[in-house]
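Worksheet: the structure to be examined is printed underneath.
The values are calculated or read from the model by the stated rules, or taken from the named source; none is laboratory data. Values in this document were obtained by computation on a predicted structure and should not be read as measured data. We place every Cβ from the backbone using ideal geometry, glycine too, and count neighbours over all the protein chains shown. Surface accessibility is based on the protein's heavy atoms, side chains included, excluding ligands, DNA and RNA. Shrake-Rupley method; radii C 1.70, N 1.55, O 1.52, S 1.80 Å.
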Amino acid sequence: MCGIFGVISSREVAPLILDGLKKLEYRGYDSAGLATIQYSKNTQLGELFTRKAKGKLINLSNLIKKQSIQGHLGIGHTRWATHGKPNEKNAHPHLDFTGQIAVVQNGIIENYNDLAKSLELKGIKFTSETDTEIIPHLIALEIENLLDKGLMTNGATLLSAVQKVLSLLEGIYSIAVVWSKAPDVLVVARRQAPLVLGFGEGEFFCASDTSALVGLTHTFLPLKDNEVALLTRLGIELYDENGNRQHRAPSLLKGTELFADKRNFRHFMLKEIYEQPETAQLWIDRYMPSDFLSDHSIAFPIKKSTLEKIDQIQILACGTSRHAAMVGAYLLEQFAGVPTTVYFASEFRYSPPPVSPNTLTIGVSQSGETADTLAALRMEKVRRDSIKDPNFSFHQLGITNRLDSSLARELDNVMDIGSGIEIGVAATKTFLGQMLSFYGLAILFASNKQTRPTQEILDLSNDLRLVPKQLLDLIKQHDALSKEIAHLFTETKDVIFLGRGINYPIALEGALKLKEISYIHAQGYPAGELKHGPIALIDQHVPVISIAVPGVVYEKVLSNSQEAKARDARLIGVAPDGPESAMFDELFSIPKVSEWVSPLLTVIPLQLFSYHIAAHKGLDVDQPRNLAKSVTVE
Ligand code: F6R
């Protein structure tokens with residue numbers, strides 16, 4: 001789970017690499033580094049230079065200001081540590097024992113222990129604790145071998161060596177490799193970890209994500225699994241895993257131009273919270289045009305004939321996406337009457353339920369690159385494909401914010417939540433987009449399977465259309481209130497979030513937001529569970545945030561909240577203003593809406609509450625410690 005970037009150009013590449021890495025920094029920020037090859041006309045050879053710095057990219061940029069680095073070919077890396085501590089020694093690029101080959105890698109080499117042992121037996125000494133370092137050493141040995149066989153010192157030899165070494169590696173990875181003796185080529189490859197190629201004018205790029213190509217080119221090509229590419233100043237050659245030349249037309253970048261402008265906001269997270277009314281409106285315009293009930297094929301990627309065959313749904317997701325899926329499961333079961341189960345993708349892979357017929361498997365992932373979710377979806381596809389019964393139908397759907405992601409490429413049916421790029425590591429607007437997508441699906445199933453009276457379906461659709469305006473008002477109101485009370489919670493160590501029914505996942509999401517950006521321990525519970533154990537934690541130092549929305553569980557949540565108050569908890573309500581709300585010490589009031597749509601609103605004060613506590617504590621809201629925006633390791 002790191003970002004890699006590479007470029008071959010006639011310009012100086014260090015600033016291009018730093019700029020590319022800046023746009024990939026959301027993928028990890030434990031350390032950063034780059035390597036360039038400087039070509040000498042006199043010797044007609046290149047020289048390899050590296051710079052590395054612990055911590056965020058700014059440290060590397062500052063280092064390069066003091067110790068500049070030249071070259072027209074280079075690779076860079078921004079790291080989220082997996083193997084080895086986040087220090088300079090473990091920062092990429094890693095070099096081989098001759099100091100001529102540099103490699104950056106995103107992923108995990110699963111058999112690196114065995115490969116490292118065999119290299120040590122050959123007398124090779126390791127300078128880092130990473131799994132990556134075996135790669136340059138293996139390439140160097142393979143190059144020696146090829147040169148002994150009479151191959152030339154050139155890019156073709158580097159390509160052959162990389163191809164050979166890839167066949168030894170197990171795991172998930174994308175890599176970029178340079179060799180000082182081939183100062184006019186960059187070799188890149190991927191297996192399951194993302195990598196895209198960019199086509200500029202006389203310059204070519206590779207990057208973990210298209211966002212890093214914005215401003216450099218409009219044309220990109222995602223590398224397929226097990227493909228290897230050779231980048232020169234003249235173009236890109238593409239090879240499959242058997243070394244056969246591949247030809248594919250590149251695509252045009254769309255939408256990503258909106259990337260990363262903080263405007264006047266102090267943090268991306270706050271800007272993204274404020275973008276929610278707009279992204280909700282865009283979602284409604286796209287997926288719920290006035291005639292969408294009579295002709296849902298307008299936007300939804302599931303055919304009517306397929307819908308009719310689906311008897312149950314299983315959803316695979318992680319983190320915040322899983323919370324959106326839980327809201328979705330509630331809607332699909334309780335509103336549309338389709339049995340639905342949500343799984344932690346990381347658990348599903350190792351303990352899946354028995355295969356059942358006529359099942360829709362939905363993978364939800366903002367980034368579309370979460371390794372756990374992708375692995376679970378792939379495993380499920382293999383299980384399903386092995387069943388040859390013609391009456392056994394199996395369907396997959398991806399819900400993502402990134403149409404250029406592995407998830408979108410691998411699944412036949414994809415629903416784009418269309419929230420625009422999210423830079424803050426803590427998901428906010430994409431959570432809303434994911435929930436909205438489930439509202440759309442629930443309406444679709446309910447209307448096609450006729451499991452709800454038409455009037456109720458129309459009521460829900462109409463309520464959804466009011467949400468963007470309600471969000472606008474709520475954000476203004478609660479931004480101010482959260483800011484005002486944030487200082488009361490800076491010393492708080494534990495917070496309990498209570499919700500029930502459709503708002504239980506919002507309690508989980510509120511707790512997750514607080515943990516990840518404010519570093520305050522928080523736990524979300526179904527309110528009825530409080531008395532079965534967690535109530536023992538409560539005293540005047542443990543605030544309880546209770547989501548109480550009129551509906552099937554309203555009175556129950558209010559009495560569960562009273563139980564907490566009776567134990568001296570400071571009680572914060574997310575509830576409509578009214579006689580009942582008098583029990584709360586603080587109230588984040590929400591409009592009186594139908595319980596069905598309430599999660600779209602109740603989450604807003606919780607996002608702002610976490611944001612303002614973190615901002616008040618002076619924490620790095622957009623890049624919280626130990627996290628990364630896209631978790632590409634299992
Ligand atoms: C929390 C957060 C994470 C992600 C999780 C899955 O704010 O962003 O919990 O939701 O890592 O990521 P995606 O949705 O990209 O699969």
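None of Val355, Val382 is assigned by TED's automatic domain parsing to the domain that holds Gln281, part of a loop (DSSP other than H, G, I, E, B) and surrounded by fewer than 17 Cβ atoms within 10 Å (Cβ to Cβ) except Val355.
Val495 passes every criterion in (1) part of a helix (DSSP H, G or I); (2) surrounded by 24 or more Cβ atoms within 10 Å (Cβ to Cβ); (3) in contact with a strand residue (DSSP E or B) (Cβ under 9 Å, 6 or more places away or on another chain) apart from (1).
Of the residues that make up region 416-433, is at least one more than 16 Å from the ligand (Cβ to nearest atom) and under 30 Å from Ser251 (Cβ atoms)?
In the first step, residues of region 416-433 are kept if they are more than 16 Å from the ligand (Cβ to nearest atom); the result is none.
No, every residue in region 416-433 fails to be more than 16 Å from the ligand (Cβ to nearest atom) and under 30 Å from Ser251 (Cβ atoms).
Restricted to region 186-244, the set of strands (runs of 3 or more DSSP E) holding at least 3 residues that are modelled with pLDDT of 95 or more and on the phi < 0 side of the Ramachandran plot comprises 186-191, 196-199, 204-207, 228-231, 236-239.
Considering only residues of region 609-632 that are among the hydrophobic types (A, V, I, L, M, F, W, C), outside any helix (DSSP H, G or I) and more than 11 Å from the ligand (Cβ to nearest atom), which is farthest from Gly28 (Cα to Cα)? Full working, then the answer.
Taking region 609-632 and keeping what is among the hydrophobic types (A, V, I, L, M, F, W, C), we get 609, 613-615, 619, 621, 627-628, 631.
Right, trim to outside any helix (DSSP H, G or I) and you get 619, 621, 627-628, 631.
Next cut, more than 11 Å from the ligand (Cβ to nearest atom) only: 619, 621.
On the way: Leu619: 17, Val621: 14 Å.
Ranking the candidates gives Leu619 first.
Pairs please, first residue from region 522-539 and within 21 Å of Leu606 (Cα to Cα) and touching a residue at least 40 places away in the same chain (Cβ under 8 Å), second anywhere and open to solvent by 40 Å² or more (accessible area, probe 1.4 Å) and of a type in the set (Lys, Arg), Cβ atoms under 7 Å, 6+ apart in sequence or on different chains. Short answer, once both residue conditions are applied: Ile538/Arg567.
Run down Lys303, Lys309 and say which single residue is more than 16 Å from the ligand (Cβ to nearest atom), open to solvent by 30 Å² or more (accessible area, probe 1.4 Å) and free of Cβ contacts under 8 Å to residues at least 24 places away in the same chain. Walk me through it before giving the result.
Values: Lys309 fails: free of Cβ contacts under 8 Å to residues at least 24 places away in the same chain.
On inspection, the qualifying residue turns out to be Lys303.
Which one of these is under 28 Å from Cys2 (Cβ atoms), within 16 Å of the ligand (Cβ to nearest atom), more than 13 Å from the chain's Cα centre (by Cα) and at pLDDT below 95: Arg409, Arg402? Spell out the reasoning first.
On the way: Arg402 fails: more than 13 Å from the chain's Cα centre (by Cα).
Matching residue, one of Arg409, Arg402: Arg409.
When region 417-462 is examined, which residues are found to be open to solvent by 40 Å² or more (accessible area, probe 1.4 Å) and either charged (D, E, K, R) or under 14 Å from the mean Cα position of the chain (by Cα) (or both)? Steps first, please.
Looking only at region 417-462, we keep the residues that are open to solvent by 40 Å² or more (accessible area, probe 1.4 Å), and these are 449-456, 458-459, 462.
Scanning region 417-462 gives Lys449, Arg452, Glu456, Asp459.
Surrounded by 21 or more Cβ atoms within 10 Å (Cβ to Cβ), away from the ligand (no atom under 13 Å from the Cβ) and more than 14 Å from the chain's Cα centre (by Cα) - does that describe any residue in region 363-376?
Of region 363-376, the ones surrounded by 21 or more Cβ atoms within 10 Å (Cβ to Cβ) are 363-374, 376.
Checking the rest, the ones that are also away from the ligand (no atom under 13 Å from the Cβ) come to none.
No: zero hits.
Can you find a residue that is surrounded by fewer than 14 Cβ atoms within 10 Å (Cβ to Cβ), more than 23 Å from Glu456 (Cβ to Cβ) and modelled with pLDDT of 75 or more anywhere in region 267-274? Checking region 267-274: not a single residue is surrounded by fewer than 14 Cβ atoms within 10 Å (Cβ to Cβ), more than 23 Å from Glu456 (Cβ to Cβ) and modelled with pLDDT of 75 or more. Filtered by the rule that a residue be in contact (Cβ under 8 Å) with a residue 40 or more places away in the chain and either over 15 Å from Ala116 (Cα atoms) or in contact with an Asp or Glu (Cβ under 6 Å, 6 or more places away or on another chain) (or both), region 128-155 gives Pro136, His137, Ala140, Ile143, Gly155.
The number of residues in region 328-347 that are in contact (Cβ under 8 Å) with a residue 12 or more places away in the chain and in a helix (DSSP H, G or I) comes to 9.
Can you spot a residue in region 343-351 that is open to solvent by less than 30 Å² (accessible area, probe 1.4 Å), over 21 Å from Leu24 (Cα atoms) and either of a type in the set (Phe, Trp, Tyr) or more than 16 Å from the ligand (Cβ to nearest atom) (or both)? Write out each step before concluding.
Of all residues in region 343-351, those open to solvent by less than 30 Å² (accessible area, probe 1.4 Å) come to 345, 348.
If we keep only those that are over 21 Å from Leu24 (Cα atoms) too, we end up with 345, 348.
Now restrict to residues that are either of a type in the set (Phe, Trp, Tyr) or more than 16 Å from the ligand (Cβ to nearest atom) (or both): 348.
Yes: region 343-351 contains one or more residues that are open to solvent by less than 30 Å² (accessible area, probe 1.4 Å), over 21 Å from Leu24 (Cα atoms) and either of a type in the set (Phe, Trp, Tyr) or more than 16 Å from the ligand (Cβ to nearest atom) (or both).
Taking region 44-110 as the region of interest, the strands (runs of 3 or more DSSP E) fully inside it that hold 1 or more residues being without any contact (Cβ under 8 Å) to a residue 40 or more places away in the chain and among the aromatic types (Phe, Trp, Tyr) are 45-54.
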